[in-house]
Amino acid sequence: MRLIILGVPGAGKGTQAKILSEKFGIPHVSTGDIFRSNIKNGTPLGIKVKEYLNSGKLVPDSLTCEIVGDRLAQNDCKDGFLLDGFPRTIPQAEYLDETLKEMGVSLSAVLNLHVPDEKIIKRLTGRRVCPKCGKSYHLLYNPPASDNSCSDCGTTVIQRDDDKEETVLERLKTYHEQTEPLIRYYFEKGLLITAIGQEEIEDTTQAVLEALKNVD
Ligand code: AMP
């Protein structure tokens, strides 16, 4: 299965992508995760992209496409993958089309995880993550322990810089201007499937699995 998961930042793409990747046995390729781990490790790529992530702006297409091209060429992506956070612009989608054509494969579907804008700010600014193991929490929906420690590894959870309110507003603006046109792009290709994101993670998973039930 070759899937893309699209959605406004905070729609729950990352959480659902992890669940789907396990269920379908396909690698979860998240450009945001790749960038964040490079930033954390202080790699040359991390140094290049840090400012974009901290300000909620998109990393330039050329750099992002190169990273994804390298990732999709790895062996574990041969029989399928789940792209989360890529493509985010029409040129990235066109690059992906070309890359898949060269690989001799095609997309199974593009899942649009829809959540109305008004819910997103509350959601994103309440999000916390464990800087060590990556487990995510939410102050309202899935809170960490009262001492703010991660239930898996005990590290104190933190707020991602790009989940701060000012950056969230910028990310929403970026999404509407640059990423939303992809919904039409994939609709016109007959690949778009929509699921409505719910408050509870399990309810969203159910909606997503229902939406994907005829995709193979
Ligand atoms: P995410 O975790 O998917 O919300 O991504 C976090 C940040 O990484 C975004 O706000 C962008 O700065 C950057 N980023 C992730 N994916 C892309 C992409 N496909 N194109 C450009 N920038 C990206």
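The values are calculated or read from the model by the stated rules, or taken from the named source; none is laboratory data. Quick caveat: nothing in here was measured; it's all calculated off a predicted structure. No Cβ is skipped: glycine too gets one built from the backbone with ideal geometry, and neighbour counts run over all protein chains shown. For the accessible areas, the whole protein counts, side chains as well, though only heavy atoms, and no ligand, DNA or RNA atoms are used. Shrake-Rupley method; radii C 1.70, N 1.55, O 1.52, S 1.80 Å.
Some notes on this structure:
- Probe 1.4 Å, accessible area per residue of the range 1-158, Å²: 48 Å²
- Between helix 31-40 and the chain: long-axis angle, C-alpha atoms, 0 to 90°, nearest 10: 50 degrees
- Nearest-ten-degree value, helix 90-103 long axis tilted from longest Cα axis of the chain: 60 degrees
- Cleavage-rule hits, GluC sites (Glu not before Pro), the range 63-149, DSSP coil, Cβ neighbours within 10 Å at most 11: none
- Reachable lysines, given that their alpha-carbon falls under 23 Å from the alpha-carbon of K40 and they are not under 8 places away in the same chain: K13, K18, K48, K50, K57, K132, K135, K164
- Over 21 Å [Cα-Cα, the range 1-103], rounded percent: 33 percent
- In order along the range 201-210, phi translates into HN-Hα couplings of 4, 5, 5, 5, 4, 4, 5, 5, 5, 4 Hz, rounded to whole numbers, per the Karplus curve 6.51 cos²θ - 1.76 cosθ + 1.60 with θ = phi - 60° and x for Gly and Pro.
- Relative contact order, whole percent, for the range 97-216 stands at 31, derived from Cα pairs under 8 Å and 6 or more residues apart.
- Within the chain, antiparallel bridges make up roughly 25 percent of the DSSP beta bridges whose residues both belong there.
- The accessible surface of the chain, taken with every protein chain in place and a 1.4 Å probe, is 50 percent carbon and sulfur.
- Helix 165-174 and the longest principal axis of the C-alpha atoms of the chain enclose an angle of approximately 10°.
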